[in-house]
Amino acid sequence: GCVESFTQARVGTGQVGQCVRFALTYASGHGPSTIVGKFASDDPTSRATGIAQNTYLKEVRFYQQLRPTVAISTPDLLFTDIDEETHEFCLMMEDLAPAEQGDQIRGCSVDQATLAATELVKLHAPRWADPSLADLLWLQAGDPEEAAEIGSAFFGQLFPAFVDRYRSRLAGEHIVVGEKLQRNFKNWTLGYRGPATIIHRDYRLDNMLFGGARGVTVVDWQTPSLGAGASDLAYFIGAGLLPDLRRSSEHDLVRTYHHGLCERGVTGYDFSDCWNDYRRYSFSGYIMAVVASMIVGQTQRGDDMFMVMAGRHAQQVIDLDAYDFL
């Protein structure tokens, strides 16, 4: 089809990137009535963060190089490219309407959480402990010791400002979680010795679309990395479920995830290992809340979301007695 004209409207709640729905009118031929494009943020702070963290480059490379090798549901890609000097990029994707975006603040049901945990297996299992992933230089975090030092310094720099900004919205025991993490950040980072796979690193409700032609579709691939698969699971469950619901269902959800890995051929990874990795990475959502809130443009919804993440993940750490891993 030849497109004659289009209209556009912003969609989604992303802060580092912006998504636009294009409604297309055709001069001849035919094609989809709507498509969705993703571009760099128009907020200067968020855009600078996206460039500095290589998030725009990582999303394009994920779709180009990794997406064909995993089974997780993502939007069908129509086109993508990036200018590596300016980091101007474009993703053009199918429009998944009427699927509805999850809501990080409201949380989800156990059925939705089960769907998300099951879908996560389709990302992790195909490249589990795959040594060839080391060939993808854009996926690497560099020397582990150096990365731990940088991460520790970065968190230590941002955490006091985070507390100053949000003190009135943080419970005292939840601030203590951050203080203990700050003192032991490097130990926590270097403590994991298990298998690595591709991880999403921002696997949460705002980055999922439920319903439509698929049960769940995962978007926002700006932060793929190598790491412990259970870190994505802990990150999702910790903030995706309200605390009481999490406490009553998280053990079963971890079992569902572990069973899925085994069914897809992962071996040498016992449930006890999976459960302890899940406990260890209950800190991951708290870290994201601290860091992301301080390096992207501030919005009311963003503040509300980061407070939900910080509070729920801090309580997750406490409930799971995850201080053992510091």
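Readers should treat all values here as calculations from the given coordinates under stated rules, not as data from a laboratory. Only a predicted model underlies this, so the values are computations on that prediction, with no experimental measurement involved. When we count neighbours, we look across all protein chains shown, and the Cβ atoms used for this are built from the backbone with ideal geometry, even at glycine.
Cα extents for region 88-145 along the principal axes, largest to smallest and rounded to whole angstrom: 40, 33, 24. If you bin all the Cα-Cα distances of the chain at 10 Å, starting from zero, the percentages per bin are 5, 26, 36, 24, 7, 2, 0.
Once both labels are positioned 7 Å from their Cα atoms along Cα-to-Cβ, the gap between residue 114 and residue 150 label points is 4.2 nm. Treating each Cα of region 162-256 as one equal point scatterer and applying the Debye formula with no solvent, the log10 of I(q)/I(0) at q = 0.10, 0.11, 0.19 Å⁻¹ comes out as -0.38, -0.46, -1.25.
Using θ = phi - 60° in the Karplus curve 6.51 cos²θ - 1.76 cosθ + 1.60, the 3J(HN,Hα) couplings for region 62-69 round to 4, 5, 6, 10, 9, 3, x, 9 Hz; x is entered for Gly and Pro.
Counting only Cα atoms, region 38-97 measures 33, 25, 17 Å along its principal axes, largest extent leading. Plainly put, region 1-122 has a radius of gyration that is 0.99 times its Kirkwood radius, both from alpha-carbon atoms, as the Rg/Rh ratio. Overall shape: prolate for region 254-326, with the ratio a/c of the largest to smallest alpha carbon gyration tensor axis at 1.5 or above and a/b above b/c.
Within region 227-326, none of the trypsin sites (Lys or Arg not before Pro) combine a DSSP coil assignment with at most 11 other C-beta atoms in a 10 angstrom radius.
Region 3-39 and region 73-101 have their alpha-carbon centroids 11 Å apart. Note on residue 24 and residue 86: with the Förster distance fixed at 30 Å, the Cβ-Cβ geometry gives a FRET efficiency of about 0.65.
3J(HN,Hα) along region 236-251: 5, 5, x, 10, x, 10, 4, x, 5, 5, 4, 4, 7, 10, 5, 4 Hz, from the Karplus curve 6.51 cos²θ - 1.76 cosθ + 1.60 with θ = phi - 60°, whole Hz, x for Gly and Pro. Helix-only arithmetic for the chain: the sum of -39500 (n - 2.57) across DSSP H runs with n ≥ 4, divided by the residue total, places the mean residue ellipticity at 222 nm at -15000 deg cm²/dmol. Each Lys and Arg Cβ is given +1 and each Asp and Glu Cβ -1; about its Cα centre, the chain then shows a dipole of about 500 debye. Summarising the amide proton neighbourhood of residue 26: residues at separation of 5 or more, or on other chains, whose placed amide H is nearer than 5 Å comprise 4.
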